[in-house]
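Undergrad: Got a structure for you, written out below as structure tokens; questions coming shortly.
The values are calculated or read from the model by the stated rules, or taken from the named source; none is laboratory data. Note that the structure is predicted; figures quoted are calculated from it, not measured. Glycine also receives a Cβ, built like all others from the backbone with ideal geometry; neighbour counts cover every protein chain displayed. Heavy atoms of the whole protein, side chains included, go into the accessibility calculation; ligands, DNA and RNA do not. Shrake-Rupley method; radii C 1.70, N 1.55, O 1.52, S 1.80 Å.
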Amino acid sequence: MSHPTALHEQILAEESELRFTSFTRRHAWELGCLLRDAAQDRSLPMAIGIMLGEQRAFHTALDGSSADNDAWLARKMAVVRRYGRSSLGVGEQFRVGGRDFDTDSRLDTDRFAAHGGAFPLTLAGGEIVGVVGVSGLPQREDHAFLVEQLRVYLGR
């Protein structure tokens, strides 16, 4: 049995830390705007999305992003919805176990991508009510940006 890597331990801690007391469409709008403003201030070419249940509650595409970013965003969000963990966390869980998500998950890679940039919207009690994601940077940078901005939002 493999031991978790430092990155995997970090992601597990982030997933435990970044929880909400409640999350509504109003919160989706506020968080989405915060993410958009932060990305725009840094001239990041991102697509940003938030789903509540099965409904898209927020979506924006910044200059420099493309339809490919939208597709990556959807695939990363599908992993979060399937596994209830961050997309980078799922990918790292497979790597820690000596497996490759694309082959060993047996899921359609046109629909699922365990690459960084999507995170569950988890309530304090553990219920997952949605997913937030970004796409446009290398996967660890997408994940780091998202975690940073979730901390900003939750620290208000």
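Undergrad: What nm value, rounded to one decimal, do you get for the distance between residue 111 and residue 67 when each label is placed 7 Å out toward the C-beta?
TA: 2.1
Undergrad: Could you sort 65, 16, 22, 87 by accessible area so the largest value comes first, with the probe set to 1.4 Å? Could the numbers behind the result be given before it?
TA: On the way: 65 30, 16 75, 22 55, 87 0 Å².
Largest accessible area first, the residues go 16, 22, 65, 87.
Undergrad: Any chance you could look up the accessible area of residue 60 with a 1.4 Å probe, heavy atoms only, rounded to 10 Å²?
TA: For residue 60, the solvent-accessible surface is approximately 20 Å².
Undergrad: Tell me whether the stretch 110-156 comes out rounded, prolate or oblate; compute the Cα gyration tensor, take square roots of the eigenvalues as a ≥ b ≥ c, and use a/c under 1.5 as the rounded threshold.
TA: On the way: a/c = 2.98, a/b = 1.27, b/c = 2.34.
Cα axes put the stretch 110-156 in the oblate bin.
Undergrad: Here's something else I'd like to know. Hand me the GluC sites (Glu not before Pro) from the stretch 1-98 located in a DSSP loop with no more than 14 other Cβ atoms within 10 Å, in residue order please. Kindly include the intermediate steps, with their values, before the conclusion.
TA: Numbers: sites: 9, 14, 15, 17, 30, 54, 92; in loops: 54.
The qualifying sites are 54.
Undergrad: What are the principal axis extents of the Cα atoms in the stretch 77-120, in Å, biggest first?
TA: Principal extents (Cα only, largest first): 24, 21, 14 Å.
Undergrad: OK, next. If you count only protein heavy atoms and use a 1.4 Å probe, how large is the accessible surface of residue 150, to the nearest 10 Å²?
TA: 0
Undergrad: Next question. What share of all Cα pairs of the stretch 1-50, in percent, falls into each consecutive 10 Å distance bin?
TA: Percent of pairs per bin, in order: 20, 31, 36, 11, 2.
Undergrad: What Kirkwood radius, in Å to one decimal, follows from the Cα pairs of the stretch 1-89? List each step's numbers first, then the result.
TA: Values: mean 1/r = 0.0684 Å⁻¹.
Roughly 14.6 Å, rounded to one decimal.
Undergrad: Here is a further query. What do you get for Rg/Rh over the stretch 45-88 if you use C-alpha atoms and the Kirkwood form of Rh?
TA: Values: Rg = 10.7 Å, Rh = 10.9 Å.
Checking Rg against Rh, the ratio lands at 0.98.
Undergrad: Pick from 106, 19, 56: which residue has the top mean-square fluctuation in a GNM of the chain where Cα pairs under 10 Å get a spring?
TA: 106
Undergrad: Over the alpha-carbon set of the chain, divide Rg by the Kirkwood Rh and report the Rg/Rh ratio to two decimals. Each step should come with its number before you reach the end.
TA: On the way: Rg = 14.6 Å, Rh = 15.4 Å.
My calculation of the ratio gives 0.95.
Undergrad: Quick one: how many Å² of residue 26 are accessible to a 1.4 Å probe, rounded to 10?
TA: Approximately 140 Å² for this residue.
Undergrad: Something else: For the stretch 49-138, what class follows from the C-alpha gyration tensor (a ≥ b ≥ c being the square roots of its eigenvalues): rounded when a/c is under 1.5, otherwise prolate if a/b is larger than b/c, else oblate?
TA: Values: a/c = 1.91, a/b = 1.15, b/c = 1.65.
It is oblate, given that a/c is not under 1.5 and a/b is not larger than b/c.
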